[in-house]
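The values are calculated or read from the model by the stated rules, or taken from the named source; none is laboratory data. Predicted model, so just to flag it, every value in this text is computed and none were measured. In this analysis, Cβ positions are derived from the backbone assuming ideal geometry, glycine residues included, and neighbour counts consider all displayed protein chains.
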Amino acid sequence: MKSNQFLWAFTVSLSGFLFGFDTVVISGANLPIKELWETSPLFHGLFIMSMALWGTVLGSLMGGIPSQKLGRKNTLLIIGVLYFVSAIGSALAQDPYIFSFFRFIGGVGVGASTVAGPMYISEISTASNRGKLVALYQFNLVLGILIAYLSNYLLKGFDGANDWRWMLGVEAIPAFIYFTFMFMVPKSPRWLIAIKKDEVSARKVLEKMGIANVDQEIKNIELADIREENSQKSFFSQYKKPLVLAFLLAFFNQLSGINFVLYYAPEILEMAGLASKESLYNSIFIGAINLVFTFVGLNLIDVLGRRKLLIIGSIGYITSLVMIAVSFYAHLSSLVLLISIMGFIASHGVGQGAIIWVFIAEIFPNHVRSAGQAFGTGTHWVFAALITLLGPVVIDIFSENPWPIFGMFAAMMVLQLIFAIFMMPETKGVSLEEIQKKLGI
């Protein structure tokens with residue numbers, strides 16, 4: 001792996017760190033804010049907890065436009081500004097409406113980063129290392145989740161009633177660091193060739209990437225673009241297969257219940273009988289397990305491939321979710337529940353967590369990669385927002401025993417296993433241009 005490729009990919013993947021931190025840090029502020037502003041379960045779910053996710057829906061659906069027009073790099077710089085503004089604004093908010101506005105701004109940054117980040121990394125990678133490099137985005141994402149849980153735990157009791165403001169405001173520090181480092185990253189060579197027709201600048205980037213035969217690489221990219229431009233099919237008929245694959249992968253990602261568990265981990269653990277401080281402490285272990293098994297997935301994705309990892313992860317999902325449901329139903333000890341949740345997180349890290357951004361970023365051709373990425377990530381965030389919006393309401397309904405929630409998630413993972421076995425193609429070790437042919441584009 002060339003050092004330039006790794007450095008650029010790691011820098012861009014820091015947008016994933018901010019994604020993970022931004023979306024999960026709210027778990028520590030969840031209960032204090034609910035008590036401070038005395039909101040109803042529906043209002044709390046709609047404005048406090050899920051407003052950032054509605055921002056991600058907008059950011060993911062619209063993120064393809066600046067990625068295409070301004071370029072992946074410039075879009076990623078704008079995202080850094082959004083993260084910074086959101087962190088400061090959320091920390092200083094004096095009412096739930098202003099708070100929700102700034103959380104929405106951060107959500108736009110998160111959504112746009114899931115389009116521009118993996119897309120950029122896939123375009124500066126080679127077929128042999130693309131899975132590992134794009135998976136850096138997910139690795140930093142779960143690192144951000146772990147640091148958010150750790151930060152929330154350490155800041156508990158730091159400033160009394162204002163603890164939650166510090167929890168949210170501290171994100172401004174990594175946002176500023178990310179924004180500064182992004183100036184060292186070049187523009188995507190595939191964007192320069194396919195969109196800007198700037199072969200000279202693209203050649204310089206490809207040379208820095210260490211591509212052995214730059215002329216042949218440019219020729220392959222140009223030929224793929226010519227085939228695409230000469231197609232007479234409509235957008236949906238031409239790209240039907242990757243669109244269906246992206247939709248189903250994103251759909252199942254959220255119907256696993258991963259965001260439900262990550263967002264409401266402290267509350268779920270309190271339902272199992274753990275105290276508030278103890279639940280925050282155990283959330284750190286959840287974040288650590290996520291990080292460790294994402295690292296495992298990162299190292300296996302270019303060895304076993306995307307499809308096998310999803311099959312392995314699906315089996316783990318089903319087993320752990322059934323155990324979580326049984327733990328609540330049979331009133332087993334909180335330790336059994338905690339172990340089951342960690343098994344669930346491990347299954348996500350090695351399966352869906354490791355592959356989703358990689359797979360969606362590589363199945364669409366150069367000219368429509370930004371639109372395809374926006375479609376896939378938009379699907380992901382629509383369902384993430386719906387699940388988070390309904391979270392407080394569902395938890396309130398099943399407050400006595402939430403086992404049916406996890407039973408439903410387990411059933412959906414049976415369907416994901418069927419999808420992985422019978423529908424999902426393998427893209428391991430195949431160039432972006434060759435994947436087009438494999439999918440019949």
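Laid out as a table, the results:
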{"item": "Subset of the range 133-183 that is surrounded by fewer than 22 Cβ atoms within 10 Å (Cβ to Cβ) and among the charged types (D, E, K, R) - its residue that is modelled with the highest pLDDT", "result": "165"}
{"item": "Extreme residue, surrounded by the fewest Cβ atoms within 10 Å (Cβ to Cβ), among residues of the range 398-441 that are of a type in the set (Gly, Ala, Ser) and assigned to a helix (DSSP H, G or I)", "result": "411"}
{"item": "Pair list, Cβ under 8 Å, 6 or more apart: the range 355-366 residue on the phi > 0 side of the Ramachandran plot and of a type in the set (A, V, I, L, M, F, W, C), other residue at pLDDT 95 or above and in a loop (DSSP other than H, G, I, E, B)", "result": "none"}
{"item": "Filtered residues of the range 75-104 (kept if closer than 27 Å to residue 359 by Cα, surrounded by 22 or more Cβ atoms within 10 Å (Cβ to Cβ) and aliphatic (A, V, I, L, M))", "result": "76, 79, 82"}
{"item": "Boolean, residue 324 is touching a helix residue (DSSP H, G or I) at 6+ places or on another chain (Cβ under 7 Å), in a helix (DSSP H, G or I), modelled with pLDDT under 95 and more than 19 Å from residue 416 (Cβ to Cβ)", "result": "no"}
{"item": "Wholly enclosed helices (runs of 4 or more DSSP H) of the range 17-102 bearing at least 1 residues closer than 24 Å to residue 180 by Cβ", "result": "51-62, 64-69, 72-92"}
{"item": "Residue satisfying all of: in the range 296-321; among the charged types (D, E, K, R) and in a helix (DSSP H, G or I); surrounded by the most Cβ atoms within 10 Å (Cβ to Cβ) among these", "result": "306"}
{"item": "Which numbered condition residue 62 fails, given (1) under 26 Å from residue 282 (Cα atoms); (2) surrounded by fewer than 19 Cβ atoms within 10 Å (Cβ to Cβ); (3) within 19 Å of the chain's Cα centre (by Cα)", "result": "(1)"}
{"item": "Count - residues of the range 196-215 that are within 21 Å of residue 364 (Cα to Cα) and buried (at least 18 other Cβ atoms within 10 Å of the Cβ)", "result": "2"}
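Okay, residues lined up against (1) within 24 Å of residue 212 (Cα to Cα); (2) touching a Phe, Trp or Tyr at 6+ places or on another chain (Cβ under 8 Å); (3) of a type outside the set (A, V, I, L, M):
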| site | (1), (2), (3) |
| --- | --- |
| 118 | yes, yes, yes |
| 121 | yes, yes, no |
| 124 | yes, yes, no |
| 144 | no, yes, yes |
| 148 | no, yes, no |
| 160 | no, no, yes |
| 163 | no, no, yes |
| 169 | no, no, yes |
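Conditions tested, residue by residue: (1) under 18 Å from the mean Cα position of the chain (by Cα); (2) among the hydroxyl-bearing types (Ser, Thr, Tyr); (3) crowded, with 24+ Cβ neighbours inside 10 Å.
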| position | (1), (2), (3) |
| --- | --- |
| 283 | no, yes, yes |
| 288 | yes, no, no |
| 294 | yes, yes, yes |
| 340 | no, yes, no |
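Matching residues to (1) of a type outside the set (Phe, Trp, Tyr); (2) touching a residue at least 24 places away in the same chain (Cβ under 8 Å); (3) in a loop (DSSP other than H, G, I, E, B):
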site	(1), (2), (3)
154	yes, no, no
163	yes, yes, no
181	no, yes, no
187	yes, yes, yes
190	yes, yes, no
202	yes, no, no
212	yes, no, yes
223	yes, yes, no
